[in-house]
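Peer 1: Input: one structure, supplied below.
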Amino acid sequence: MTRMENILLLVGRLNYSWTNTESMLIYLIAHLMKTSKESAIVVFLTLNTTRARLDLIDRLAKMRSTHAETRAETLKITGRLKAESRLRNKYNHCIYSFDPSGTHGYTQLMRIGDTEDQLKYGKVDAIDDNEIDNIRHAIDNIGSVNRQIWEFLRLHQISA
C-alpha cells in the first residue's frame, strides 16, 4: 500500500470517528431539551453544521434549569469536540494532491482568509509524518470523547 493510500485511509478513519461521535449529540440534545429522541433527531438534522449543533448544546447546558453537574459535564464534552474540529474541518474542506509516486501528500485549503488589505486562499500544507501523527492523535481523542458521551448517557440513565 502506498503512502497516499495510507493517508486516505487515515482521513477516512478520522471522518468515520467524527461522524459516529457527532451523531451521539442527538442524545445530549434530547436530554437537555427534555424531549424524545425523535424530536432531537429533527433538531440535529435541521442544524446542518457541527458548529450550530455544538452551540445549541452549549446554550442548553448553560440554561438556569440545567443542573450544575450536567452543565459542567456537557461543556467539557463540547469543548473537547470543538478542540478536535479544526483538524477534522481541515481534512473535510481541502483538496488533496500527491506527487506521482504517491509518497508526498499535500492539502490545499478551500477557504478564503480576509486580512486588512488582502485575500488569502488555498493555503498548501504538507502531509508529513508529524501531520500523520496529528491525525492519529485526533482519531484517538475523538474516540475518547465518544466514550465520554457513552459514560454520560449511562450515568444519566439515557438509553441510546
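Every number here is computed from the coordinates shown, using simple stated rules; none is lab data. The structure presented is a predicted model; accordingly, all values stated were derived computationally and were not measured. Methodologically, a virtual Cβ is constructed for each residue, glycine included, from the backbone with ideal geometry; neighbour enumeration extends over all protein chains shown.
Peer 1: Rounded to the nearest Å, what's the spacing between the alpha carbon centres of region 104-148 and region 41-99? Just the number, please.
Peer 2: 17 Å
Peer 1: Starting from the Cα-Cα distance between Asp128 and Glu116, subtract it from 0.36 nm times their residue separation and give me the gain in nm to one decimal. List each step's numbers first, then the result.
Peer 2: Numbers: separation 12, 0.36 × 12 = 4.32 nm, distance 3.12 nm.
Going from the current span to full extension adds 1.2 nm.
Peer 1: Across the Cα atoms of region 1-40, what radius of gyration and what greatest pairwise Cα-Cα distance (Dmax) are found, in Å?
Peer 2: When restricted to the Cα atoms of region 1-40, Rg and Dmax are 16.0, 49 Å.
Peer 1: To continue, here is another question. What's the extension gain from Ala160 to Met1 if we count 0.36 nm per residue and subtract their Cα-Cα distance? Write out the running numbers ahead of the final one.
Peer 2: On the way: separation 159, 0.36 × 159 = 57.24 nm, distance 3.78 nm.
Net length gain for the segment: 53.5 nm.
Peer 1: Per residue of the chain, what 222 nm ellipticity follows from adding -39500 (n - 2.57) for every DSSP H run with n ≥ 4, rounded to the nearest 500? Show your work: numbers first, answer last.
Peer 2: Values: 6 runs with 104 residues, N = 160.
Result for the chain: -22000 deg cm²/dmol, rounded to the nearest 500.
Peer 1: What is the pair-distance distribution P(r) of region 4-160, computed from all Cα-Cα distances in 5 Å bins starting at 0, with each bin given as a whole percent?
Peer 2: P(r) for region 4-160, in whole percents per bin: 1, 8, 16, 18, 16, 12, 11, 9, 6, 2, 1, 0.
Peer 1: Also, I was wondering about something else. For region 28-93, take every pair of Cα atoms, bin their distances at 5 Å starting from 0, and report each bin as a whole percent.
Peer 2: Per 5 Å bin, starting at zero, the Cα-Cα P(r) for region 28-93 comes out as 3, 18, 25, 24, 18, 8, 3, 1 percent.
Peer 1: Any idea which of His137, Met63, Trp18 is furthest toward the positive side of the dipole for the chain, if Lys and Arg beta-carbons carry +1 and Asp and Glu beta-carbons -1?
Peer 2: Met63
Peer 1: Mind telling me which of Thr78, Thr66, Thr115 comes out most flexible in a GNM of the chain, alpha-carbon contacts under 10 Å?
Peer 2: Largest GNM mean-square fluctuation: Thr115.
Peer 1: So what's the convex hull volume per residue for the Cα atoms of region 83-130, in Å³? List each step's numbers first, then the result.
Peer 2: Details: hull volume 4.6 nm³, N = 48.
Enclosed volume per residue, from the Cα hull, is 96 Å³.
Peer 1: Here's another thing I want to ask about it. Could you work out how much longer the chain between Ser36 and Glu151 gets when fully extended? Use 0.36 nm per residue separation minus the Cα distance between them, nm to one decimal. List each step's numbers first, then the result.
Peer 2: Details: separation 115, 0.36 × 115 = 41.40 nm, distance 1.96 nm.
Once the chain is fully extended between Ser36 and Glu151, it gains 39.4 nm.
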